[in-house]
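Working notes, beginning with the structure itself.
Each value in this text was obtained by applying a stated rule to the coordinates, not by laboratory testing. Bear in mind that the values here come from a model prediction, so they are computed numbers and not experimental data. Positions of Cβ are backbone-derived with ideal geometry, glycine not excepted, and every protein chain shown enters the neighbour counts.
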Amino acid sequence: MATATHNPDWQPKIVALVCTYCTYTAADMAGSLRLQYPPEVRIVKLPCTGKVDTIHLLKTMQAGVDGILVGGCEIGDCHFLEGNLRARERVEFARALLEEAGLSRERLEMYHIGASDAPLWVERVKQMVARIRELGPNPLRVAGAGGETAKTDQAAA
Amino acid sequence: MIIARRKPLQEIKDSLQDYQRALIVGCGTCVAVCLAGGEREVKLLVSQLEIASRLAGRPLTLGEATVERQCDREFLHELRHQVKNYDVLVSLACGVGIQFLSDLYPDKVVLPGVDTTFIGANEEPGYWTERCRMCGSCYLALTGAVCPITMCPKSLLNGPCAGTREGRCEVNQEKPCAWTLIYERLEASGRLDQIKDIVPPRDHRLAAHPATQIHEAYKRRFSAHE
């Protein structure tokens, strides 16, 4: 894992692409239940994770976010039957493309979180934030901001 | 349909080493269907190259364009204003499109972004199989519409060989024996007696390369090319 030599004030920026039928509802319920979880995650509500295209994932990383969490329904529970399964395949493909381009595949992850599972949402967010803290900032953000030659995630690992 | 596979990013990056401005040119026909070089794959490659070049501290100026077909001049002409701004063109079309792009813009460096693999069928989205080897002499009428040139590793015109075992091929036991498929297909369509017909050796002159073909109606116009 990368040893963090970045700005100590850095806070991870994580985008969560979540399905309105399951993970979004779980996140909403987490709020109603006053469950505490890290504030570093920005939620984008989607009609289904099947709407997530590989290019959305690459462009989001390119824009400088430190991590992406895709939250879809549990296997077999997709409102559109197999949107979450398609998303899972695309996420895996995008992970391979990111790694090929020099970013860690660990920055992108898909979880299956049921609508009633607010505690699992909290746990997954904590897990993702911890992982991104360990990886450090997106090297593209460093390269973009300071014009430095950032090391690739693999080179830094 | 022509099937192609996107080249590894490393290979494309290495080929762009000496250039600053690259136009990635997709093709909206076969390679778009086989998810190797259509509009979407152009965007993915551009995104990957942007990430990789920024990480390397050597940002590339990248452009993207996708034409209907790169094997037709009229579509490649559409790029004439755009190509002026770039010193290298990376084509995600099949080998034909790549060469045609270079024919049209001979002063530009044209590089391949895909490896062209075969002529195939779209079995399912994301899954393609080879069905034709373009031998120039179609035997499908004799073989129950199963191509022995393509499906049999030995391209046997009279089969099966002694290596067939329970419908599997001795060369690769994962694959079905082409001649068992032919037998079954002829039997199912009531033509099993055809399997006894001996097919004479193939005329390899029919598959001579590079091939050209002129339609009867265009003979006068293109006779100089014959």
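Quick look at the values:
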{"item": "Values of log10 I(q)/I(0), in the order q = 0.13, 0.14, 0.17 Å⁻¹, for region B:127-226 under a Debye, Cα-only, solvent-free model", "result": "-0.56, -0.63, -0.81"}
{"item": "Whole-Hz couplings from phi, Karplus 6.51/-1.76/1.60, listed for region B:116-122; x for Gly and Pro", "result": "7, 10, 6, 9, x, 9, 8"}
{"item": "Those lysines that a straight Cα-Cα span of less than 23 Å connects to B:LYS196, excepting residues fewer than 8 apart in one chain", "result": "B:LYS154"}
{"item": "When the convex hull of its Cα atoms is projected in every direction, mean area for the protein assembly as shown (nm²)", "result": "26.3 nm²"}
{"item": "Cα pair distances in chain B, grouped into 10 Å bins until the bin that holds the longest one, percent each", "result": "7, 25, 25, 21, 15, 6, 1"}
{"item": "Charge dipole magnitude, Cβ of K and R +1, D and E -1 - region A:45-92, Cα centre, debye nearest 20", "result": "200 debye"}
{"item": "Charge dipole (debye, nearest 20) of region B:91-226; +1 at Cβ of Lys and Arg, -1 at Cβ of Asp and Glu", "result": "360 debye"}
{"item": "Within region B:52-161, GluC sites (Glu not before Pro) in DSSP loop having at most 16 other beta-carbon neighbours inside 10 Å", "result": "B:GLU68, B:GLU78"}
{"item": "Anisotropy class of region B:90-158 from Cα gyration tensor, a/c 1.5 cut", "result": "prolate"}
{"item": "Pair B:ARG205, B:HIS81: separation of 7 Å Cα→Cβ label points (nm)", "result": "5.1 nm"}
{"item": "Relative contact order computed over chain B (Cα-Cα under 8 Å; 6+ residues apart), in percent", "result": "17 percent"}
{"item": "Length released on extending from A:GLU89 to A:GLN127, taking residue separation times 0.36 nm less the Cα-Cα span", "result": "11.5 nm"}
{"item": "At most 12 other Cβ within 10 Å, DSSP loop - GluC sites (Glu not before Pro), region B:137-195", "result": "B:GLU166, B:GLU174"}
{"item": "Beta bridge orientation in region B:1-158: antiparallel %, DSSP, nearest 5", "result": "40 percent"}
{"item": "Sum of side-chain charges, B:PHE75 neighbourhood, beta-carbon under 9 Å (Lys, Arg +1; Asp, Glu -1)", "result": "-2"}
{"item": "Long-range amide H partners of B:LEU111 with built H, under 5 Å", "result": "B:LEU89, B:VAL90, B:SER91"}
{"item": "Computed over region A:1-55, Kirkwood Rh from alpha-carbon pairs, angstrom", "result": "13.4 Å"}
{"item": "Flagged links, alpha-carbon separation over 19 Å, of A:LYS51/A:LYS126; A:LYS13/A:LYS45; A:LYS59/B:LYS7", "result": "A:LYS51/A:LYS126; A:LYS59/B:LYS7"}
{"item": "Cα-based Rg and Dmax for region B:1-43, where Dmax is the largest Cα-Cα distance (Å)", "result": "11.4, 34"}
